[in-house]
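What follows is calculated from the coordinates using simple rules that are stated; it is not laboratory data. Model, not experiment: these values are computed from the prediction. Cβ: placed from backbone, ideal geometry, glycine included. Neighbour counts: every protein chain shown.
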Amino acid sequence: TKWCASGNGTHTLTIDLGTVSTISDVIIKHAEAGAESPALNTLSYRIQVSSDGQNYKEVLKVDKNNKAVTNNPIPVTKGRYVKLLVDKPTQNSDKAARIYEVEIMGLNKDIELPPIYGESGDNKEP
């Protein structure tokens, strides 16, 4: 599978997990992982998480990536929607984002999160 978006501005890919889940890592396979030039790997991107698809919380910002595959550990959080925002799609002036795969990693069972990590209203008081 390959997702591409071109043009000016930030490119956005939103993934619906189908249910609120506990998320701990986001693995992204960039252009080089799909046998394209390393110059086409995503340079700058952000990851946001939401439980309702309306209110997002930024959990990661990467500014100088040059890797084909990035393993992005995030603070353990709960959410149903994971949004990848590509701010600078390549190492050069090419404006097309090329993402071959996004893996959302988490836990098999629910855990109680400290209030600083979960979205308000998602966590029980410790």
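Here are a few things to note about the model shown:
- Projecting the Cα positions of His11, Asn92, Val76 onto the charge dipole of region 3-102 (unit charges on Cβ atoms of Lys, Arg, Asp and Glu, taken about the Cα centre) puts Val76 furthest along the positive direction.
- Modelled spin labels at Asp52 and Ile15, positioned 7 Å past Cα toward Cβ, are 2.4 nm from each other.
- Projected label distance in nm at Ala35 and Asp63, using a 7 Å step from Cα toward the beta-carbon: 3.6
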